[in-house]
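The values are calculated or read from the model by the stated rules, or taken from the named source; none is laboratory data. Not measured: the values here are computed from a predicted model. Methodologically, a virtual Cβ is constructed for each residue, glycine included, from the backbone with ideal geometry; neighbour enumeration extends over all protein chains shown.
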Amino acid sequence: MNIKKTLLAAAVTALILPASAFASDPGFYLGGKIGAASTDDRWIDDDDTSFGVYGGYRFNPYFALEGEYTDFGNLEVDLSELEINNARAEPRTWGLRAVGFVPITPNLELLGSIGLHSFDLDPSDQEGFREVVGSRSSTDLTYGIGAQYNFAGRVGLRTQYTRYEFKDAGSSDEISLGLHFRF
């Protein structure tokens, strides 16, 4: 009976310790990302290529604070009910979020994030579009999940799904691939 408990404790320890021993070191990191964003709100239901930058400070193997800038592309706006055609908008956001990491292997980790972002919609100045819609901005919730692979040295590759909520209704979903460098 004692041998079974000892073997079980040894197996659990063997599974837990390697993940924490090889997790990423604390420090600063900076990266860029490209992805596909799908934006859906009152006037916009469009997809485009997104891009952005992110950076932060990793306090320990399990937690970081991260800032980001994301541009959702040049999106078509449906204002046909107002008889405004071919209107475009360029939504973008700045954000700050907490990121949690779960080491899986010495180089691979899962991540989850939650925070706030400040959304800004800059409508094109066309046929009265700016007067009708105006420049919209709000501060709202953002959250996401993903995976990150840390290569030897200080380079990492990240893939992530992120949801950006909008106060006025709607959201933007982004699937991105990022490359970052740790300092």
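To keep it simple, each residue is scored yes or no on (1) closer than 21 Å to Tyr62 by Cβ; (2) charged (D, E, K, R); (3) assigned to a strand (DSSP E or B); (4) modelled with pLDDT of 90 or more.
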| site | (1), (2), (3), (4) |
| --- | --- |
| Leu96 | yes, no, yes, yes |
| Val99 | yes, no, yes, yes |
| Ser113 | yes, no, yes, yes |
| Asp120 | no, yes, yes, no |
| Arg130 | no, yes, no, no |
| Gly146 | yes, no, yes, yes |
| Gly178 | yes, no, yes, yes |
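Return a yes/no flag: does the stretch 43-64 have any residue that is modelled with pLDDT under 95, surrounded by 18 or more Cβ atoms within 10 Å (Cβ to Cβ) and within 17 Å of Ser138 (Cβ to Cβ).
Within the stretch 43-64, one or more residues are modelled with pLDDT under 95, surrounded by 18 or more Cβ atoms within 10 Å (Cβ to Cβ) and within 17 Å of Ser138 (Cβ to Cβ).
Would you be able to say whether some residue in the stretch 73-92 is hydrophobic (A, V, I, L, M, F, W, C) and at pLDDT 75 or above?
As a first pass, look at the stretch 73-92 and keep what is hydrophobic (A, V, I, L, M, F, W, C): 75, 77, 79, 82, 84, 87, 89.
With the extra rule that they be at pLDDT 75 or above, the set shrinks to none.
No, the stretch 73-92 contains no residue that is hydrophobic (A, V, I, L, M, F, W, C) and at pLDDT 75 or above.
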